[in-house]
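To start, the structure under review is shown below, and the notes come after it.
The values are calculated or read from the model by the stated rules, or taken from the named source; none is laboratory data. Everything numeric in this text was worked out from a predicted model, so none of it was measured. Glycine gets a Cβ as well: all are built from the backbone with ideal geometry, and neighbour counts include every protein chain shown. Side chains are part of the model used for accessible areas, which takes the heavy atoms of the whole protein and leaves out ligands, DNA and RNA. Shrake-Rupley method; radii C 1.70, N 1.55, O 1.52, S 1.80 Å.
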Amino acid sequence: MTNDRTAVRPFRIDIAQADLDDLHDRLSRTRWSAQLPGSGRDRGVPVAYLRELAAYWRTEFDWRAQEAALNEFPQFITEIDGLDVHFVHVRSPEPDAVPLILTHGWPNTFVEFTKTIGPLTDPRKYGLDPAQAFHVVVPSVPGFAFSAAPRETGMTPRRVAEMWLVLMDRLGYRRFGAQGGDLGAYVGPELAIAAPDRVLGVHIDGGVGMPSAADVPTMTPDERAEWDLMQQWMTGVNHHTLLHAAPQTFAHAWTDSPVGLLGWLMHKFNEFAPLAEQAEDVIDRDHLLTNISLYWFTNTAASSSWPMYNGLGDNGFAWPKGQKLVPTGVYGGGSALMLRLAQRDNDIVHWPEGNTGNHFVAMELPLMHVADIRAFFAKVR
């Protein structure tokens with residue numbers, strides 16, 4: 001028997017008008033930083049670009065329209081281990097649909113998947129084979145959006161996975177698939193390690209098999225040349241280092257200043273889109289601002305860093321070890337070197353060549369992302 005809080009309760013987004021007015025007021029009173037004449041993006045997000053984007057956020061971006069669109073998805077709250085967990089749950093009209101849990105990344109929210117939920121749950125409507133349909137569950141990781149912030153340390157990807165097992169059980173899904181990118185790419189394998197009898201397969205966006213300095217002695221000359229090339233493009237602001245060092249310190253500015261938050265998150269989205277000049281070239285501006293607005297309205301600039309901080313070691317995130325019992329598929333696997341390394345700790349059954357896109361491919365190329373998810377689960381369902 002469940003109590004009122006562990007029951008699954010309907011939820012709708014309803015941001016107070018006072019909060020929206022406060023955002024607009026703060027944006028209108030921004031004190032802008034100086035910029036060295038002649039410098040561009042090499043020093044970070046340019047002032048001129050950020051001023052224009054902030055003005056758009058204040059005067060043209062329609063939060064109420066985005067809020068209404070998000071509320072088209074059935075949303076719920078349930079308490080797990082003393083924390084309210086927010087999630088989207090869309091059941092497919094197809095009788096043989098496979099349950100699938102999608103875990104978002106950072107600096108993202110459940111908004112990451114809003115363009116993929118439709119074709120995943122109702123493929124017939126999108127002209128796709130209805131034999132590959134899914135009941136989709138998209139939770140907000142604790143500390144993100146409308147999920148409660150952790151009250152103690154230890155909210156690692158493994159801990160998130162343990163909570164997701166409770167959620168799927170509560171929804172009546174004994175067997176299910178898992179998918180995710182960024183932070184979600186660590187949670188998915190942890191689900192499989194924790195409950196290999198329950199997880200059909202794990203599909204992640206990429207990254208598994210990324211070599212480290214410890215792998216260099218085992219590399220062939222060709223692989224060493226590839227490693228050297230990787231070092232040239234693996235640049236940018238290392239948010240792992242920042243969040244591991246002092247997440248609370250940085251969060252003060254992101255929490256108090258919407259432009260501070262906007263600049264930081266857009267910097268990261270731009271870095272996560274290395275195949276484009278900037279993130280807006282491949283992800284709709286309103287889609288990006290909807291995600292950023294959720295960080296602002298829910299005051300989660302600080303708490304969203306906690307699962308990252310708790311999951312980090314001295315060398316960043318370490319991929320979960322021992323995930324050999326459940327098949328793994330990777331949207332953008334990478335080179336033969338990465339495949340060799342990925343196979344050490346994973347049963348790789350799906351490693352396609354030629355898939356394009358950046359770090360948050362579900363936002364950028366939703367139909368390609370859906371196609372690859374369908375292709376992988378057709379092999380393991």
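The table below gives the values:
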| quantity | calculated |
| --- | --- |
| Test: residue in segment 8-29 that is surrounded by 13 or more Cβ atoms within 10 Å (Cβ to Cβ), of a type in the set (S, T, N, Q), touching a residue at least 12 places away in the same chain (Cβ under 8 Å) and on the phi < 0 side of the Ramachandran plot | no |
| Check on Ala65, of a type in the set (A, V, I, L, M, F, W, C), over 18 Å from His203 (Cβ atoms) and touching a Leu at 6+ places or on another chain (Cβ under 8 Å) | no |
| Subset of segment 31-49 [open to solvent by less than 90 Å² (accessible area, probe 1.4 Å), more than 18 Å from Ala253 (Cβ to Cβ) and not in a loop (DSSP other than H, G, I, E, B)] | Arg41, Ala48, Tyr49 |
| Segment 219-246: number of residues that are at pLDDT 75 or above, touching a helix residue (DSSP H, G or I) at 6+ places or on another chain (Cβ under 9 Å) and not hydrophobic (A, V, I, L, M, F, W, C) | 5 |
| Within segment 334-366, considering residues that are small (Gly, Ala, Ser) and over 20 Å from Gly184 (Cβ atoms), the one least open to solvent (accessible area, probe 1.4 Å) | Ser335 |
| Residue identified as open to solvent by less than 50 Å² (accessible area, probe 1.4 Å) and either modelled with pLDDT of 95 or more or touching a strand residue (DSSP E or B) at 6+ places or on another chain (Cβ under 8 Å) (or both) among Glu79, Glu60, Glu52, Glu72 | Glu79 |
| Cβ pairs under 9 Å, 6+ apart, first in segment 364-381 and over 18 Å from Asp347 (Cα atoms), second open to solvent by 30 Å² or more (accessible area, probe 1.4 Å) and part of a helix (DSSP H, G or I) | Leu367/Tyr126; Val370/Tyr126 |
| Positions within segment 165-176 being of a type outside the set (Phe, Trp, Tyr) and either buried (at least 18 other Cβ atoms within 10 Å of the Cβ) or assigned to a loop (DSSP other than H, G, I, E, B) (or both), in sequence order | Leu165, Leu167, Met168, Leu171, Gly172, Arg174, Arg175 |
| Residue among Glu162, Glu94 that is modelled with pLDDT of 95 or more, within 21 Å of Leu191 (Cα to Cα) and open to solvent by 20 Å² or more (accessible area, probe 1.4 Å) | Glu162 |
| The lone exception for Gly105 - which of (1) of a type outside the set (Phe, Trp, Tyr); (2) touching a strand residue (DSSP E or B) at 6+ places or on another chain (Cβ under 8 Å); (3) outside any strand (DSSP E or B); (4) open to solvent by 10 Å² or more (accessible area, probe 1.4 Å) it fails | (4) |
| Pairs where the first residue, in segment 66-80, is more than 20 Å from Arg91 (Cβ to Cβ) and the second is β-branched (Val, Ile, Thr) and open to solvent by less than 20 Å² (accessible area, probe 1.4 Å), C-beta under 7 Å, 6+ apart | Gln66/Thr290; Glu67/Ile13; Glu67/Ile15 |
| Within segment 121-151, considering residues that are buried (at least 20 other Cβ atoms within 10 Å of the Cβ) and aliphatic (A, V, I, L, M), the one farthest from Thr6 (Cα to Cα) | Ala133 |
| Every residue from segment 185-211 that is at pLDDT below 95 and in contact with a Leu (Cβ under 9 Å, 6 or more places away or on another chain) | Val208, Gly209, Met210, Pro211 |
| Scope segment 271-283; condition open to solvent by less than 30 Å² (accessible area, probe 1.4 Å) and under 29 Å from Asp22 (Cα atoms); matching residues | Ala279, Ile283 |
